[in-house]
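The values are calculated or read from the model by the stated rules, or taken from the named source; none is laboratory data. Not measured: the values here are computed from a predicted model. Please note: Cβ atoms are built from the backbone with ideal geometry, for glycine as well, and neighbour counts cover all protein chains shown.
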Amino acid sequence: MAIKTIHNTADKTWFITFTCYSWLSLFEITNSYDLVYKWLNLIKEKFKIDTTAFVIMPNHVHLILHLNIEANLNTIISNGKRFMAYEIIARLKSQNKNAILLKLGQTCTEKEKSKGQIHRVFEPSFDAKAILSTPFLLQKLDYIHHNSVSGKWNLAESFIDYQHSSVCFYEKNIVHESIAIKHYLDLEN
């Protein structure tokens, strides 16, 4: 994925994906799903960014975020990945996952090391697509909610049973215990 500069983000809804380095299942290995929730709650509080939908997979995250104010999406996502990376590394160290730490450490360039980066936890960029139509929004919502049981994934008996997703909010009208979700019908696009 190429690094993109995202401008003009006020009152926009975005489909966002970011991935752990080399598709390693770092969220699962370190049980770091909570870090994504903490970050989503932080950006809600600090930047008024609403979470419309999400799925936290073992090695990647899909989000639909609604930005209510002008914000630099690149900075928000980069800072979130950095925030999560520090704690994921700490958890890998506490679990003595030395082989993974070695792999993550070997991927840093000399330039990154000179800036103090010791490990690469996430792929360097992220994917962001502006959601400009209801059909595209519904397509991405369906994709997010079925991701846990699509392709190679069998993370739950049914997509509705996967706990690290906003699916129950939409399918069963159940409030998620870790994150406030803004229903897509309440977006002002």
One residue from 69, 144, 88, 77 being touching a helix residue (DSSP H, G or I) at 6+ places or on another chain (Cβ under 6 Å) and either touching a residue at least 12 places away in the same chain (Cβ under 8 Å) or not small (Gly, Ala, Ser) (or both): 88
Test: residue in the stretch 102-115 that is of a type outside the set (Lys, Arg), in contact with a Ser or Thr (Cβ under 9 Å, 6 or more places away or on another chain) and surrounded by fewer than 16 Cβ atoms within 10 Å (Cβ to Cβ): yes
Candidates 43, 16 - the one that is at pLDDT 95 or above, assigned to a helix (DSSP H, G or I) and within 28 Å of residue 173 (Cβ to Cβ): 43
Selected residue (only one of 143, 86, 162 is buried (at least 17 other Cβ atoms within 10 Å of the Cβ), on the phi < 0 side of the Ramachandran plot and among the aromatic types (Phe, Trp, Tyr)): 162
Number of the exception - residue 123 against (1) touching a Cys at 6+ places or on another chain (Cβ under 8 Å); (2) loosely packed, with under 14 Cβ neighbours inside 10 Å; (3) of a type in the set (D, E, K, R): (2)
Any hit, the stretch 46-57, residues being among the basic types (Lys, Arg) and not in a strand (DSSP E or B): yes
Qualifying residue in the stretch 92-100 (condition: out of contact with any Cys (no Cβ under 7 Å at 6 or more places or on another chain) and at positive phi): yes
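When only residues in the stretch 56-72 that are under 13 Å from the mean Cα position of the chain (by Cα) and among the aliphatic types (A, V, I, L, M) count, which is surrounded by the fewest Cβ atoms within 10 Å (Cβ to Cβ)?
Residue satisfying both the conditions and the ranking: 57.
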Residue list for the stretch 25-37, restricted to those being closer than 17 Å to residue 179 by Cα and out of contact with any helix residue (DSSP H, G or I) (no Cβ under 8 Å at 6 or more places or on another chain): 34, 37
